[in-house]
Each structure stands twice: as structure tokens, then as C-alpha cells.
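The structure under discussion appears below in the form of C-alpha cells.
The values are calculated or read from the model by the stated rules, or taken from the named source; none is laboratory data. These numbers were taken from a predicted model, which means no experiment stands behind them. Methodologically, a virtual Cβ is constructed for each residue, glycine included, from the backbone with ideal geometry; neighbour enumeration extends over all protein chains shown.
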Amino acid sequence: MGYNRFWVSEHHNHPTILGTAPEILMGAIAARTRKIRIGSAGIMLPHYASFKVAEQFRVLDALAPGRIDLGVGRAPGSDQLTARLLNPNLYASDEFPQKIMELKAWVDGEELPSNHPGHRVHAYPATETHPTLWVLGSSDYGAQLAAHLGLNYAFAHFITDGAGTKEALDLYRNNFKPNGENQKPFSIVCVWALAAETEEEAWIQFESRMRWRMDRNMGVLGPLLPPQNASRTMRPDEELYMDEFKKNALVGSVQSVKKKLLELANHLEIDELVIITWTHDHAVQRRSYELLAEAFNLQNQSIAA
């Protein structure tokens, strides 16, 4: 279709998102593709040893040279109980900055400082290329860290519904410190969008996500329901919330969604736009990606992901 990247996420004990092992899924994707970049969005680094993650992704880069994006995040990607099962250390997220610095060195094939236990330890295989490291975030924390380390930055607009996006991006750009590989800031924003042949059809398909969102706000997680089964009686406060939610939703006919995406991208001054779409019917999801690829003429220019 002409998209530039395909990223897969990490979630655990989650009935909606089956992203338990992105590094394995990426290997399967690498074996079936030739050009598209493949990435993690992301590896939840507090669960793991930086050295092991570096080894895994250097193997992936050997399978798909120059096509691997290593996106890392600080969130658990799960509930707290599940996070404890992945790593019993309650304070693992506090080590995130240190782990990223270690990861960067091992991924890039650089030496860690002489006073570090990992000095003279290398992550293999050694190849001509290496994965591109990204910091993922949905708050100021990740923006500041990415800026300090001179790394690429991806903001999860779809998690915050846009709240804090502009502020985080401005913080990242204004405080960016160039390093040997990245001389200037590079930022992308991941949004939730759904395009269909008509406005009516798009909003019908959106019912699945609306219901999921309301249930999640009540602490209930489950698989996406078919649109025809997704409606339920809502309290007045829930109706007000959903009215506001729909106002900012990137949903509609393809031309309507294209216009909204361009306005958002121009407002945020971002380098790339990443789109995530959830639908009960995978054919509807695929058609949305096809419509947007055609509308943006992606076969001839990579302006979105």
C-alpha cells in the first residue's frame, strides 16, 4: 500500500490486544516483507534486561538489515499484578533512563563506560546496520528523556486523545541534544483513525471502539464487539463524555479523515503520522488503511505510516 513502517505493540493479560511477544511477531513479518520498516511500539523495557533486548533486536536487524525500529516504553503494558509476574521489582520503571542508555550502547555497537559492569560486553550478531532506537511516550517524561539522549520520539496521541501532545513535542524539540547519529529531533505521533466509503458507515464501525472505551472507563476489558451489539444505555455523564470523545475522533469518509489528519499534522509540525485502527471486522480495518493509502498517494510518497 506504500506505508513506511509497520509497528507492533506489547501488552499482557489483555483480551483486546494480542501483543504478548512483539519481537517474535517482528521476525515473522521480516520473513514475509522486503522493504517496509518493522518496529516495536513498544518493548516495555522495565520488564527486561537491556542486554537481552539488544541481542534480540540485533538478530532482527540481521534478518531485515536497516529495517528495524526498536521502540521502547516505560509503561507496564498490563495491570500491576501482571507486571509483577513479568518483573517482581516494584521499582523497575525507575531504572528506565539507565536501561535506555545501556540499550543504546549495545544496539549501536558502542562500548559502555569502563566503570560499568557491561564494559567490553557486546551484543551480537555484529552487522553493518543496527536497529533505530525510539523513545515512546504519552507524557512529558518520555519527551524529556528522548531530548536529553538525542533519540527519535513517538507520542501516543491515541492514548491521551490528544491531551498534552503539543506540549510534549515542543518540550522534545526545544531541549533536543544532538548526538553522533541524530543531529536534529525527529518526532512522530500515533493517532487512532478510521476511514470508510461513507460517513455513516465509518461511524457505525466506530461503535465497537466507543463501547470498548466506555467499558474500559468502568474497569471492564474485553474483546471488541460487533457494531450492532455495541450500543448500551448510558448515564447522562457518559453521554456527555462520548459526545466530546466523538468531536475529536478522526473518523468519517476518507476525504473527511484525510482533512483532519493533515490539519493535525500541520498543527503539531510532525515528521510522520502513524495510524492505528481497531475494528471488529478485519476487512473494515484493512479497507480503512487502503482508502487512506490511496488518498495520500502513498505508493508514490512515504508521508505517513
Among ASN89, ASN115, which is under 30 Å from ASN13 (Cα atoms) and not charged (D, E, K, R)? ASN89
Please tell me if ASP161 is surrounded by fewer than 16 Cβ atoms within 10 Å (Cβ to Cβ) and within 28 Å of MET210 (Cβ to Cβ). yes
Just the residues that are loosely packed, with under 12 Cβ neighbours inside 10 Å and assigned to a helix (DSSP H, G or I), please, taken from the stretch 168-183. ASN174
For the stretch 28-61, which positions are of a type in the set (Val, Ile, Thr) and touching a residue at least 60 places away in the same chain (Cβ under 8 Å)? VAL59
May I ask you to list the residues in the stretch 63-92 that are closer than 25 Å to PRO125 by Cβ, touching a residue at least 40 places away in the same chain (Cβ under 8 Å) and either of a type in the set (A, V, I, L, M, F, W, C) or in contact with a helix residue (DSSP H, G or I) (Cβ under 8 Å, 6 or more places away or on another chain) (or both)? ILE68, LEU70, VAL72
Which of the residues that make up the stretch 47-64 are surrounded by fewer than 21 Cβ atoms within 10 Å (Cβ to Cβ) and charged (D, E, K, R)? LYS52, GLU55
Of TYR124, TYR153, the only residue that is at pLDDT 95 or above, under 16 Å from ILE43 (Cα atoms) and in contact with a helix residue (DSSP H, G or I) (Cβ under 9 Å, 6 or more places away or on another chain) is TYR153
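Scan VAL274, VAL284, VAL257, VAL251 and give me the residue that is in contact with a Cys (Cβ under 7 Å, 6 or more places away or on another chain), of a type in the set (A, V, I, L, M) and at pLDDT 90 or above.
VAL274
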May I ask you to verify whether ALA143 is out of contact with any Gly (no Cβ under 8 Å at 6 or more places or on another chain) and among the aliphatic types (A, V, I, L, M)? no
Note on the stretch 85-126: residues part of a helix (DSSP H, G or I) and among the aromatic types (Phe, Trp, Tyr) are PHE96, TRP106
Within the stretch 27-46, which residues are of a type in the set (Gly, Ala, Ser) and surrounded by 18 or more Cβ atoms within 10 Å (Cβ to Cβ)? ALA30, GLY39, SER40, ALA41, GLY42
Check the stretch 23-40 and report whether any residue there is among the charged types (D, E, K, R), touching a Phe, Trp or Tyr at 6+ places or on another chain (Cβ under 6 Å) and not in a helix (DSSP H, G or I). no
Being within 24 Å of MET214 (Cα to Cα) and of a type outside the set (S, T, N, Q) is the filter; apply it to the stretch 7-26 and report the residue that is surrounded by the most Cβ atoms within 10 Å (Cβ to Cβ). GLU10
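Give me a count of the residues in the stretch 266-284 that are outside any loop (DSSP other than H, G, I, E, B) and in contact (Cβ under 8 Å) with a residue 24 or more places away in the chain. Talk me through it step by step, then tell me what you get.
Pass one, the stretch 266-284, residues outside any loop (DSSP other than H, G, I, E, B): 266-268, 272-276, 282-284.
Filter again for in contact (Cβ under 8 Å) with a residue 24 or more places away in the chain, leaving 267-268, 272-276, 284.
Number satisfying all stated conditions: 8.
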Over the stretch 255-289, the set of residues of a type in the set (Asp, Glu) and within 19 Å of CYS190 (Cβ to Cβ) is GLU263, GLU269, ASP271, GLU272
Using beta carbons and a limit of 8 Å, which pairs, at least six apart or on different chains, have the first residue in the stretch 127-154 and assigned to a helix (DSSP H, G or I) and the second one basic (Lys, Arg)? TYR141/ARG74; GLY142/ARG74; ALA147/ARG173; ALA147/LYS177; HIS148/LYS177; LEU149/LYS104; LEU149/LYS177
VAL8 among the hydrophobic types (A, V, I, L, M, F, W, C) and farther than 23 Å from ALA105 by Cα: yes
